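S.K.: Below: one structure in structure tokens.
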Amino acid sequence: MTTVTAPPGTRAPKSRNRVYRQNRRHVPVLATLGLLICMYVVGVANYDGFSDVQVLLNIFVDNAFLLVVAAGMTFVILTGGIDLSVGAVVALTTTVAATMLHAGWPAGVVLPAVLLIGTVLGLGMGAVIHYFEVEPFIATLAGMFLARGISLLINRNSIPITDGFWTAMAQQRLRFGQGIFISTSVIIAVVVVLIGAFVLAYTRFGRTVYAIGGSADSALLMGLPVARTRIAVYTLSGFCSSLGGVLLSFYMLSGYSLHAQGMELDAIAAVVIGGVLLTGGSGYLFGTVLGVLVLGLIQTILTFQGTLSSWWTKIVIGALLFAFIVLQRVVTRRTR
Amino acid sequence: MTLVRHRLFWPGVILVLLLMSNLFSAANFFSITVHDGHLYGSIIDILRNSAPLILVGIGMTMVIATGGIDLSVGSVMAISGALACLLVNDGVAVLLACAAALGLCLVLGVWNGMLVAALGIQPIIATLILMVAGRGVAQLLTDGQILNVSSPSFKVIGAGYWLALPVSVLIAGAVVALAVVLTRRTALGLLIESVGGSPTASRLAGIQARRLTVMVYVFAAVCAGVAGLIYSSNVASADSNAAGNLIELDAILATVIGGTALTGGRFSLAGTVLGAVLIQTLNVTTVTLGVPVETTLLFKAIVVIVLCLAQSPAFRAKVLHRRGAKRVEVTA
């Protein structure tokens, strides 16, 4: 780890052997940001009404739950792990919440209860991964089966939510003037992201997360609390999944064991598009936010296009994903 | 004691337990009868139904051995089935149609391999692209509908018999045998493992790491293509949504149950076959035991957890033999 730090106020020279390290780490995120802006400009140029501020805000409104889930996933991936259970935990949370509300429990009890589900499941998976050295991919796959299994067991059908608090949360809009608004879920998601970004950048816990992703052996030898941190990131991801499930149940006003199918892949894609390395140790939560925005913008463009059948939608999403990853790869590589 | 330490011991034990548990509900579970010169029985059924998963699993094992992962196998299955059914319905000879489908899979494999080897994209993301777009391509081929096939010779691939054995089992067996011969009787297996161990080191040692990487993705895609043919022949239709849905997870599970580490560098084909048969047996067992459909996934989760813990050296050291105190920190 030889870090060549440029004196403050000067720009790093562009020669090959004196690359300013901190800056290089920002490149993937900046590349994503640049491409996102390009996509937005293309959208504005091609479609009427695309430049409305609300179009942009709607991406947040429609993806608030994904943002929260992906934030948790970022922590896990930064330690070099992966969490496949998130989609299933989201589904389990909505199912349990809807069932409890249907049985007449007050929202004040249901909310903490469902948040506890994902947290406990995450804690369990983290403990199994750390203490029994089961591969994260497999442990969280088992978690995925477990969570979907339990939610199927509870109820196979979609359960509507009519609770007052839930419907109020679903309809609550924060307005900024003529037709410009965000939902409460967006505020919750933004708060989660801000806290997450602060924790990653400025706390000892955040440093340890990066250190484990860089090399868990070295982290251990440095005396960092590897066990505690590693279990904590899966717990955190479980909590974020549950919170994401709550936000999804605000959005859908229903609980269903088949909600959020494939969301784990969306979350992983968002994290990776945002420039976080799957091997861990490098990346920023801000990148994940951009990743979610990219996925949302792709959907928005497809909606504005409007003429594509469902199979073309999949192909175009794949093609755009490809273009995105390759472009980002090219941009990132050129700076090395 | 050495037997217990063998990496296939616990999967084997669980498989036997699962098979035995079927005896409670179906006394003649293990009986194999002969009708019209064909073998019939629950065991044969399990083998026949696990053929696609064995094929996909073998391909997945090779990819994982190089330290990669292939999420696109399910979509490749769907594309292969869709193209074959489309061509057969258009009057193309069955063999030719299958060859065309496998040719397309080969191209898809090259695509995956190039993304990983030439562009250096992380495998999980590189194959995610085809996973998402592939289902769309399959639906495009069949125009978004389920394409029915009535050709009797196409039906043979998935549901036919040859020499008293199901053709699908024979195909899977042949591919497994081919893979074993190629990797264990030549240096290929060793080279693949060295690429998985360290691509840079193996390249410095003179191994064409990139070419090998592309090859394993092609192999995985073609295996998935064959599995797609078997699946669509078995149900006599091309269903782009159902074909190979979530099979990538089962294939990865089969690979890991069989003792191949996801970090790459070492693989076991026999283990993967055992893993695939185990997963299929699990599916059959839930049906014969009369477990309600809702709890199938739960049942699966519990078996996976038990198996992973039984296989984990750390779990055995900590819980089963409390005195094996000295633990070495192993990290992914």
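S.K.: With N set to the number of residues, divide the alpha-carbon radius of gyration of the stretch B:135-174 by 2.2 N^0.38 Å and report two decimals.
M.R.: 1.55
S.K.: Kirkwood Rh and Cα-based Rg: tell me the resulting Rg over Rh for chain A, rounded to two decimals.
M.R.: A ratio of 0.99.
S.K.: So, one more: Give the Kirkwood hydrodynamic radius (Å, one decimal) of the stretch A:14-155, defined as one over the mean of 1/r across all pairs of different Cα atoms.
M.R.: One over the average 1/r among Cα pairs gives 18.7 Å for the stretch A:14-155.
S.K.: Ratio of alpha-carbon Rg to the 2.2 N^0.38 Å globular estimate for the stretch A:204-336, to two decimals, please.
M.R.: Working it through for the stretch A:204-336, the quotient is 1.28.
S.K.: Report the trypsin sites (Lys or Arg not before Pro) located in the stretch B:144-214 that are in a DSSP loop and have at most 12 other Cβ atoms inside 10 Å of their Cβ, or state none.
M.R.: Answer in residue order: B:R185.
S.K.: Sticking with this structure for a sec: log10 I(q)/I(0), Debye, Cα-only chain B, no solvent, q = 0.07, 0.08, 0.14 Å⁻¹?
M.R.: For chain B, the Cα-only Debye profile gives -0.30, -0.39, -1.16.
S.K.: Using Cα centres only, tell me the gap between the stretch B:216-291 and the stretch A:277-336 in whole Å.
M.R.: So the two Cα centres are separated by 29 Å.
S.K.: How long are the three semi-axes of the equivalent ellipsoid for the protein assembly as shown, computed from the Cα gyration tensor as the root of 5 times each eigenvalue, in whole Å, largest first?
M.R.: Those come to 39, 30, 29 Å.
S.K.: With springs connecting C-alpha atoms under 10 Å apart, model chain B as a Gaussian network and identify which of B:I14, B:I43, B:I305 has the largest mean-square fluctuation.
M.R.: Checking each option, the largest mean-square fluctuation is seen for B:I305.
S.K.: Something else about it: What helices in chain B pass both tests, a Cα length along the helix axis of 30 Å or more and a mean Kyte hydropathy of 0.5 or higher, using whole DSSP H runs?
M.R.: Answer set is B:42-65, B:94-117, B:209-234.
S.K.: Fewest first, what order do A:D266, A:D217, B:D70 take by the number of other Cβ atoms within 10 Å?
M.R.: A:D217, A:D266, B:D70
S.K.: For the residues B:T186, A:T313, what sequence is obtained by ranking on other C-beta atoms within 10 Å, fewest first?
M.R.: Fewest to most other Cβ atoms nearby, the residues stand as B:T186, A:T313.
S.K.: For the protein assembly as shown, what is the charge dipole size about the Cα centre, in debye to the nearest 20, if Lys and Arg each add +1 at the Cβ and Asp and Glu each add -1 at the Cβ?
M.R.: My answer is approximately 2560 debye.
S.K.: Now, a different point. Any idea which of B:L83, A:L56, A:V330 is furthest toward the positive side of the dipole for the protein assembly as shown, if Lys and Arg beta-carbons carry +1 and Asp and Glu beta-carbons -1?
M.R.: A:V330
S.K.: Same structure again: Would you mind ranking B:S168, B:S151 by Cβ crowding within 10 Å, fewest neighbours first?
M.R.: Fewest to most other Cβ atoms nearby, the residues stand as B:S151, B:S168.
S.K.: Between A:M222, B:F267, B:L119, whose Cα lies farthest towards the positive end of the dipole of the protein assembly as shown when Lys and Arg beta carbons carry +1 and Asp and Glu beta carbons carry -1, centred on the Cα centre?
M.R.: The residue sitting most towards the positive pole is A:M222.
S.K.: Follow-up question, since we're still on this one. Quick one: dipole size for chain B, taken about the Cα centre, charges +1 on Lys/Arg Cβ and -1 on Asp/Glu Cβ, in debye to the nearest 20.
M.R.: Dipole of chain B, to the nearest 20 debye: 1500 debye.
S.K.: Still on this model: How big is the Cα convex hull of the stretch B:153-223 in projection, averaged over all directions, in nm²?
M.R.: Projected area, direction-averaged: 5.8 nm².
S.K.: Where does the stretch A:196-245 land on the Kirkwood hydrodynamic radius, alpha-carbon pairs, in angstrom?
M.R.: 11.3
S.K.: For chain B, set up a Gaussian network in which alpha carbons nearer than 10 Å are linked by springs, and say which option among B:C98, B:C223, B:C85 fluctuates the most.
M.R.: B:C98
S.K.: Report the one residue of B:S237, B:I43, B:L71 whose Cα lies farthest in the direction of the positive end of the charge dipole of the protein assembly as shown (charges on C-beta: Lys and Arg +1, Asp and Glu -1; origin at the Cα centre).
M.R.: Of the options given, the answer is B:L71.
No value in this document is a laboratory result; all are computed from the given coordinates. All of these numbers come straight from a predicted model, not from anything done at the bench. Counting neighbours? That spans all protein chains shown, and the Cβs are built from the backbone with ideal geometry, glycine included.
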